1. Under 11 Å from the Cβ of residue 104, count the other residues' Cβ atoms, weight Lys and Arg +1, Asp and Glu -1, and hand me the total.
2. Based on the alpha-carbon gyration tensor of the stretch 95-211 and its eigenvalue square roots a ≥ b ≥ c, which shape applies: rounded if a/c is under 1.5, prolate if not and a/b is larger than b/c, or oblate?
3. Hand me the trypsin sites (Lys or Arg not before Pro) from the stretch 123-210 located in a DSSP loop with no more than 16 other Cβ atoms within 10 Å, in residue order please.
Amino acid sequence: MSDRVQRFTGKQLTTIVVAVAAAVVLMPVGVLAATSVVQIGDGANPSLKAHVVGGKLSVGDGSGAVTVDGTVKVNDGSGPMTVDGTVALKQPAGNYSKYDFATQTTNAVVYDIPANLGVAISSLTAAHEDGTGPVKLRVRQLIPTTAGNCTTGGSVINEITAVTVGEGTTVQTAYSPAILVPKNAAETCLIAFIYTPTGTQEVAVTATGWTY
């Protein structure tokens with residue numbers, strides 16, 4: 001018997017190559033992806049590669065906020081958006097703290113709001129200083145009868161909030177989220193007034209928050 005080594009002919013080799021190429025082309029994408037690893041690198045610095053943790057692409061530059069060129073669509077509006085972690089709202093500039101007295105005949109001016117300015121109320125403190133209690137205090141937004149004068153009343157456009165203060169006590173209410181007093185094309189007044197009981201009353205009112 002001959003010990004010669006069996007060799008493929010040129011025709012046989014061509015057939016094998018064509019068959020392997022066809023199998024690769026017809027392989028399902030999922031199978032190909034499962035058996036392939038593609039690395040994404042930085043064109044300016046090839047040593048920097050994209051990082052994948054638990055099948056998820058980690059996004060960030062490692063030195064601060066992530067920036068995006070273009071428009072980002074958060075969701076389609078068809079349902080609530082969920083966030084894993086803590087979301088904090090940054091309080092804008094323009095913090096304020098206003099202090100005034102409300103009596104049975106005089107309103108406390110919480111804020112004389114210029115046109116097209118919004119006011120957020122983050123806390124309201126009411127201290128009953130004179131009279132009998134409990135006292136009910138209401139905060140509302142109005143357009144003043146006389147421009148620049150919030151003490152003479154006006155046309156009410158929004159009821160904002162109300163608090164009840166016991167006789168000789170102080171009540172501090174923190175609002176989270178803050179109460180947003182709507183912007184208006186004209187000057188408005190944010191006032192606090194005593195609407196019950198009657199008789200001599202005095203309440204010190206302090207409001208804090210920010211403008212927007």
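1. Neighbour charge sum, excluding residue 104 itself: -2.
2. It comes out oblate by the Cα gyration axes.
3. Counting only loop positions with at most 16 other Cβ atoms within 10 Å, the trypsin sites (Lys or Arg not before Pro) in the stretch 123-210 are 183.
Bear in mind these aren't lab numbers, they're just calculated from the coordinates by the rules spelled out. Just so it is clear, the model here is predicted, and its values are computed rather than measured. Counting neighbours? That spans all protein chains shown, and the Cβs are built from the backbone with ideal geometry, glycine included.
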